[in-house]
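The structure appears right after this line, and notes come after that.
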Amino acid sequence: MVSILERRGTSTPLGQVLRLPCKFIQGRSSAEAMVINAIAAELAISGKNVLPVMVKLLKEDKYTAVLNNQILIAAQQAKLDFVYCIVVDDEMAVQLKVEAGKTLKVNLNQASEVELIAAFENIKANIAAFNKIEPAPIAQAIISYRSVERVKNLTFLTKLKCGIGKTKLPGLVDRLVY
C-alpha cells in the first residue's frame, strides 16, 4: 500500500503535529479582535498553542492556514516565533472542514429531498446571508435538474428562481461540498 506521503512525493509529514515558524505561515482570521486578543494573552503566558493550526503546504517553507487561523494571528500578535501545526493536503482540508462543522458534504446527485432540505436548513440557520432562503424549493430544483442532467456545479440554481442568485452562489459553494 502506498502512503499519502509517497503519493504526494513530499517529505512533509501529513497529519502530524509539527512546530513551524510563524513567519512561514500566511493566513487571516475573521475572528473578532477581542477573541484574538484573549488568545494572544493566553499564548503569551504559555508560550505555545495547545490547539494546532491546520496548514497546507504551498511550497518549501511556505504554508497557508486553513483552520484555526485565529490561533496563528494571536501567536503572531503575542510575538511567538513558532506555532504548533498539522500539515494537511486538499483532501484532508475538506475532511477538516466537515469535521469542524464549517461545511456540509452532500451528494447532490443521490441525496433524498429530505436530506437536501435538511442541508439547506442547516445553511440557512448558520449563515446570515442565507437566512431568507427557502430550502424546499431549492431541494426540488436540484431534484428536477438532476433528473435531466448530472449535477456538476451549482450555477444552475441561479437560473431556477429558487432563492439562490449569483451573489449568494459563492457563499453556498464555500459551505457545501458535493
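The values are calculated or read from the model by the stated rules, or taken from the named source; none is laboratory data. Predicted, not measured: the structure shown is a model, and the values here were computed from it. Neighbour counts run over all protein chains shown; Cβ positions are idealised from the backbone, glycine included. SASA here: full protein model, heavy atoms, side chains in, ligands and nucleic acids out. Shrake-Rupley method; radii C 1.70, N 1.55, O 1.52, S 1.80 Å.
List the trypsin sites (Lys or Arg not before Pro) within the stretch 115-151 that DSSP assigns to loop and that have no more than 12 neighbouring Cβ atoms inside 10 Å.
Qualifying residues, ordered by number: 132, 150.
Find the accessible area per residue for the chain; the probe is 1.4 Å, ligands and nucleic acids are left out, and the unit is Å².
It amounts to 61 Å² per residue over the chain.
Quick one: Cα centre-to-centre distance for the stretch 37-99 and the stretch 117-141, in angstrom?
31 Å
Projected onto the charge dipole of the chain (+1 at Lys/Arg Cβ, -1 at Asp/Glu Cβ, origin at the Cα centre), which of 162, 24, 114 gives the Cα projection farthest towards the positive end?
Selected residue: 162.
Rounding to the nearest 20 debye, state how big the charge dipole of the stretch 95-144 is about its Cα centre with +1 on each Lys and Arg Cβ and -1 on each Asp and Glu Cβ.
220 debye
Compute the acute angle (0 to 90°) between the alpha-carbon long axis of helix 113-126 and the principal axis of greatest extent of the alpha-carbon atoms of the chain; round to the nearest 10°.
The answer is roughly 50 degrees.
At q = 0.17, 0.31, 0.32 Å⁻¹, what log₁₀ I(q)/I(0) does a Debye calculation on the Cα points of the stretch 82-128 give, no solvent, two decimals?
-0.63, -1.12, -1.13
Which GluC sites (Glu not before Pro) from the stretch 17-120 combine a DSSP loop assignment with at most 16 other Cβ atoms within 10 Å?
Hits after loop and neighbour filter: 32, 60.
Select from 96, 64, 35 the residue farthest towards the positive end of the dipole of the chain; place +1 on Cβ of Lys and Arg, -1 on Cβ of Asp and Glu, and compute about the Cα centre.
Farthest along the dipole direction, towards plus: 64.
Accessible area of the stretch 22-175 with a 1.4 Å probe: how many percent of it is carbon plus sulfur?
That share works out to 52 percent.
What do you get for the angle between helix 33-46 and the principal long axis of the chain? Use alpha-carbon atoms, 0 to 90 degrees, nearest ten.
Taking Cα atoms only, the helix is inclined about 40 degrees.
Expressed as an acute angle from 0 to 90° and rounded to the nearest 10, what is the orientation of the C-alpha long axis of helix 135-148 relative to the principal long axis of the chain?
It is inclined by approximately 70 degrees.
For residue 58, what accessible area in Å² do you get when you roll a 1.4 Å probe over the heavy atoms of the protein chains, rounding to the nearest 10?
Approximately 90 Å² for this residue.
Give me the log10 of I(q) over I(0) for the chain at q = 0.15 Å⁻¹, as the Debye formula computes it from C-alpha points; what are the numbers?
-0.92
Could you pull out every residue, at least 5 positions away or on a different chain, whose amide H is within less than 5 Å of the one on residue 49? Hs are placed 1.01 Å off N in the peptide plane, and Pro or chain starts have none.
84
What is the magnitude of the charge dipole of the chain about its Cα centre, with +1 placed on the Cβ of each Lys and Arg, -1 on the Cβ of each Asp and Glu, and no other charges, expressed in debye to the nearest 20?
In total the dipole reaches around 480 debye.
Mind checking which aspartates and glutamates have their C-alpha under 19 Å from residue 102, skipping anything on the same chain fewer than 8 residues away?
Within the straight-line cut-off, residue 102 pairs with 32, 89, 90, 91, 115, 121, 174.
Counting only residues 5 or more places away or on other chains, whose amide H sits under 5 Å from the amide H of residue 26 once H atoms are built in the peptide plane?
63, 64, 65
Where both residues lie in the stretch 33-178, what percent of DSSP beta bridges are antiparallel, nearest 5?
DSSP beta bridges in the stretch 33-178 are roughly 45 percent antiparallel.
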